[in-house]
Ligand code: GLO
Ligand code: MG
């Protein structure tokens, strides 16, 4: 029987999060409860919290992007780039925020309106320009509103073609850009067109530049799809298409909670760390991205602890993965004593 060999050598993991992970506590039932930190203040937090990468939306970098000229967009991006350089930070990813504009109410690439589909593509191209200017080759596509509340109003087969067409257009627009599809099964749509990493990887293989399309797996999104995040990661790792992760946690099949990593199910968190570590994730510069939300109850001046705890949980579990006695584990596997194996991990 094959023994699970740990990846040789030691990966120094780099961590990232997005500015939206430090927020004001607004939820669908209540207003903000904390005063916002400015973008500049947030940028100042990263290093102290142990993070070197920033996950961006296009309009995190260029607020009011739709009203800006191309020259303004580039000028603002240069300013942010300088800010990152001064703090020793990198842009891990940039994502077009395709779900807030009045022009993306019915979806972006799959809107029933050709004009709105055109807007979505143009906006995505501007996002690629920003990514280039900030020195980042990773474009994340979270396909938030690609789906429908009423199945009969859209064509689910045609939608795949529309998404693919947009992906191909972006690949052609910039021959170096890489596209990371972040699947999610629901929310804001009740049912989304690209719900799992399998769907995302299917699109990657169907695209015009397979080697430049991959995926980003968020733990909570896999859980919401009723799937095991570590197996989803394993699937993408096998295909060499796991290019980023959004580690977090989720308490059951409810709204997307973005809880601190390992805060609900430590065993599930351990499995994710193990599959990443043992398959060489991070060796090609992939970040350990977090997508975690601070609880609404948290006072403002201490509203970054969810980031600290998620990172620390990852590192503690990593230590466990690295120090478990593989030979003893293998003895239990060989004897098919999986109950005994469980005892070992209990
Ligand atoms: C929402 C998503 C969202 C994306 C982000 C990246 O459920 O997880 O936070 O990760 O917009 O573009
Ligand atoms: Mg996410």
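The values are calculated or read from the model by the stated rules, or taken from the named source; none is laboratory data. Since we're looking at a predicted model, the values are computed, not measured. All Cβ positions, glycine included, derive from the backbone under ideal geometry; neighbour counts span all protein chains shown.
Of note:
- Contacts under 6 angstrom Cβ, first residue in the range 7-28 being within 17 Å of residue 308 (Cβ to Cβ) and touching a residue at least 24 places away in the same chain (Cβ under 8 Å), partner more than 13 Å from ligand 2 (Cβ to nearest atom) and part of a helix (DSSP H, G or I), 6 or more apart: 15/311; 17/307; 19/42; 19/60; 22/42
- Qualifying residue in the range 158-172 (condition: within 26 Å of residue 71 (Cα to Cα) and in a strand (DSSP E or B)): no
- Any hit, the range 259-273, residues being more than 16 Å from ligand 1 (Cβ to nearest atom), at negative phi, within 18 Å of the chain's Cα centre (by Cα) and surrounded by fewer than 16 Cβ atoms within 10 Å (Cβ to Cβ): no
- Scanning the range 210-229 for residues that are assigned to a helix (DSSP H, G or I), away from ligand 2 (no atom under 16 Å from the Cβ) and in contact (Cβ under 8 Å) with a residue 24 or more places away in the chain gives a single hit, 212.
- Single residue of the range 219-229 satisfying the filter (crowded, with 21+ Cβ neighbours inside 10 Å and more than 18 Å from residue 190 (Cα to Cα)) that is nearest to ligand 1 (Cβ to nearest atom): 219
- Residues of the range 230-247 classified as within 20 Å of residue 14 (Cβ to Cβ), without any contact (Cβ under 8 Å) to a residue 60 or more places away in the chain and buried (at least 24 other Cβ atoms within 10 Å of the Cβ), total: 4
- Test: residue in the range 41-51 that is surrounded by 20 or more Cβ atoms within 10 Å (Cβ to Cβ), in contact with a strand residue (DSSP E or B) (Cβ under 6 Å, 6 or more places away or on another chain) and touching a residue at least 24 places away in the same chain (Cβ under 8 Å): yes
- Residues being part of a strand (DSSP E or B) and within 15 Å of ligand 1 (Cβ to nearest atom) are represented in the range 192-209 by at least one member.
The rows are residues; the columns are (1) more than 26 Å from residue 22 (Cα to Cα); (2) over 18 Å from the mean Cα position of the chain (by Cα); (3) at pLDDT below 95.
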| site | (1), (2), (3) |
| --- | --- |
| 232 | yes, no, no |
| 239 | yes, no, no |
| 250 | no, no, no |
| 278 | yes, yes, no |
| 296 | no, yes, no |
| 306 | no, no, no |
| 322 | yes, yes, no |
| 325 | yes, yes, yes |
| 343 | yes, yes, yes |
